[in-house]
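Please read the structure below before turning to the comments.
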Amino acid sequence: MGFLDQIAKQFRGEYAYTPELVLKEMREKGIKIRVRGLTKSFGGLTVLKDLDLDVYDGETLCMLGESASGKTVFLKSLAGIEHPDSGEIYIDEHDVMNAPPRQLYEMRLGLSMQFQQGALFESVSALENVQWPLVMHATVSPQEAEDRAAKDLVSVGLTPDMHWKLPSLLSGGMQKRVALCRAIVERKALILFDEPNAGLDPIKCAAIDNLLLRIKKQFKATLIMNTSELFTAYNLSDRIGIIYRGKIVEIGEPGSIKSSKHPYVDEFTRKSKEFLPQILAYQEELASWEGEKVDDGRRDSEHLGKTTGGF
Ligand SMILES: Nc1ncnc2c1ncn2[C@@H]1O[C@H](COP(=O)(O)OP(=O)(O)O)[C@@H](O)[C@H]1O
Ligand SMILES: [Mg+2]
């Protein structure tokens, strides 16, 4: 959209944009998303409490926190799906809190999201679920959409015989991986993941982390990921944010959040010390995968199985 068009829409009150001074500061500092004072209650329950956060362009930010701490509500708020009671969310030039539905639709074309519960289409196959965003947005030919979807599915260990099955015929873990593939298939500049590898066995978990690591390195996308998996957080993040009762109580590089005195962070760092040797071994394992061409899912999972099966 041209600049004049943008001004006209703003003037008519149709669209809501990030205030110019804020946008200037965001661009100078390389900030893609700015959140200030975000608050959301359901009835008497306050889920997000005055939450502030800056997300830098191209970073991978893992949000860790106990269950019901507000991680999902926060992620959905970024995508404009959940509507907080007050606060500010700016994603690039979009003022998400005040954007009308049409603008939210345009804003969402720049991002994709993997939902915690999958949210797959039940009446079409796994492959069709994954290729759907490419087909819907007609960014590539139907054949290429199918090829790309199949390749991503294979790289998380879903062999071609699984591709045409309906989601209901796949296990919970497989459905999770299909949902993940659907979120990444377009290689959007901003991808939101809600527990991408929760409940998966370590080998599948490693295959997913590996794919995410490749996306992070090759496409320089901004990734925000809710996770409860310590290994994933440690190995994929540029920063880890700890969310506790609706606020970010600590944020920093994986190695730097240790100094916090917050009881939840303290428990988190104690656990991470316990697992440090495995985390480092896993890090090496993932690093050795960098740049490797993946064209065969069996090879992917076999390789990971050999070296990470000991967890
Ligand atoms: N639509 C909703 N209506 C009522 N309560 C909700 C709704 N969505 C989330 N909650 C509540 O908000 C709290 C935080 O939820 P959520 O963000 O899903 O937590 P997390 O993802 O950290 O486990 C929970 O107590 C949950 O029950
Ligand atoms: Mg959640």
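The values are calculated or read from the model by the stated rules, or taken from the named source; none is laboratory data. Bear in mind that the values here come from a model prediction, so they are computed numbers and not experimental data. Positions of Cβ are generated from backbone atoms using ideal geometry, with glycine treated the same way; all protein chains shown enter the neighbour counts.
Among the candidates T39, T46, T60, T72, the residue that is of a type in the set (S, T, N, Q) and within 16 Å of ligand 2 (Cβ to nearest atom) is uniquely T72.
Yes or no, residue by residue, for (1) surrounded by fewer than 19 Cβ atoms within 10 Å (Cβ to Cβ); (2) in contact with a Lys or Arg (Cβ under 8 Å, 6 or more places away or on another chain):
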position: R27; (1), (2): yes, no
position: D50; (1), (2): yes, yes
position: L61; (1), (2): no, yes
position: S69; (1), (2): no, yes
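Yes or no, residue by residue, for (1) at pLDDT 85 or above; (2) of a type in the set (A, V, I, L, M):
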site: L158; (1), (2): yes, yes
site: P167; (1), (2): yes, no
site: G173; (1), (2): no, no
site: E195; (1), (2): yes, no
site: N210; (1), (2): no, no
site: G241; (1), (2): yes, no
site: P254; (1), (2): no, no
site: K258; (1), (2): no, no
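Listed conditions (1) away from ligand 1 (no atom under 13 Å from the Cβ); (2) surrounded by fewer than 20 Cβ atoms within 10 Å (Cβ to Cβ); (3) of a type in the set (A, V, I, L, M, F, W, C) are all met by V35, apart from (2). Checked against the criteria, L45 does not count as surrounded by fewer than 19 Cβ atoms within 10 Å (Cβ to Cβ), in contact with a strand residue (DSSP E or B) (Cβ under 9 Å, 6 or more places away or on another chain), free of Cβ contacts under 8 Å to residues at least 40 places away in the same chain and over 18 Å from A179 (Cα atoms). In the set (1) in contact with a helix residue (DSSP H, G or I) (Cβ under 8 Å, 6 or more places away or on another chain); (2) more than 11 Å from ligand 1 (Cβ to nearest atom); (3) of a type in the set (D, E, K, R); (4) touching a residue at least 40 places away in the same chain (Cβ under 8 Å), the condition left unmet by E66 is number (2). Can you confirm whether R177 is within 30 Å of Y234 (Cβ to Cβ) and either of a type in the set (V, I, T) or touching a Leu at 6+ places or on another chain (Cβ under 7 Å) (or both)? Answer is yes for this residue. Among the residues of region 4-39, not one is modelled with pLDDT of 60 or more, assigned to a helix (DSSP H, G or I) and among the aromatic types (F, W, Y). Can you find, within region 202-254, the residue that is surrounded by the fewest Cβ atoms within 10 Å (Cβ to Cβ) among those that are more than 16 Å from ligand 2 (Cβ to nearest atom) and polar (S, T, N, Q)? The residue in question is Q218. Number of residues in region 85-117 that are within 16 Å of ligand 2 (Cβ to nearest atom) and in contact with a Lys or Arg (Cβ under 6 Å, 6 or more places away or on another chain) equals 0. Would you check if F231 is aromatic (F, W, Y) and not in a strand (DSSP E or B)? Yes: the conditions hold for F231. I'd like to know if region 43-62 contains one or more residues that are farther than 28 Å from E229 by Cβ, of a type in the set (S, T, Y), under 19 Å from the mean Cα position of the chain (by Cα) and in a strand (DSSP E or B). No - not one qualifying residue is present in region 43-62.
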